[in-house]
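To keep things clear, I will list the structure first and then write my remarks on it.
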Amino acid sequence: MTDELPRPPWKMDWTAEALQQFENMPEDGKQLFLAARAELITASDPYYRGIDADVSLPHWITVRPLASTSPGGPHIADLAGGRGWLIFTFIRRHTDPQITVTDAFWA
């Protein structure tokens with residue numbers, strides 16, 4: 001066993017409802033969600049990226065807290081200028097951190 005903190009890629013899980021929403025999306029929405037997933041699971045910290053928070057992200061995705069009063073709580077990833085989003089929580093467990101998607105939407 002090591003005391004080193006876990007590093008990306010993070011595991012990602014979906015609630016049953018969010019997974020059903022994802023599976024019912026048109027193909028272009030699914031592709032964008034999969035690209036956003038790749039960005040989130042490889043980020044060193046899916047919540048905090050420093051002063052230029054979204055500078056390392058593609059232009060079509062922004063990540064912010066769902067509620068400004070809860071910066072450590074659920075976050076929303078806005079996709080394609082608000083055409084879709086996914087709401088996720090990053091659980092920082094020492095041995096098994098993971099991202100859990102609780103809501104997915106595509107218009």
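The values are calculated or read from the model by the stated rules, or taken from the named source; none is laboratory data. Fair warning: this is a prediction, and the values are worked out from it, not measured in the lab. With ideal geometry, Cβ positions are generated from the backbone for all residues, glycine too; neighbour counts draw on all protein chains shown. Accessible surface areas use protein heavy atoms only, side chains included; no ligands, DNA or RNA. Shrake-Rupley method; radii C 1.70, N 1.55, O 1.52, S 1.80 Å.
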Once you list every other residue whose beta carbon is under 15 Å from the beta carbon of Met25, what net charge do they have if Lys and Arg are +1 and Asp and Glu are -1?
-2
Using 0.36 nm per residue, how much length does the chain from Asp13 to Arg92 gain when fully extended, once their Cα-Cα distance is taken away?
27.1 nm
Inter-probe distance in nm under a simple model that places probes 7 Å from Cα toward Cβ, at Arg64 and Thr102:
1.9
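Ignoring ligands, DNA and RNA, please state the percent of accessible area on the chain from carbon and sulfur, probe 1.4 Å.
Here it works out to 55 percent.
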Convex hull around the C-alpha positions of the chain: the volume in Å³ per residue is 110
So how strong a dipole does the chain carry about its Cα centre when Lys and Arg Cβ are +1 and Asp and Glu Cβ are -1, to the nearest 20 debye?
100
What whole-number value in Å² describes the accessible area per residue of the chain for a 1.4 Å probe?
60
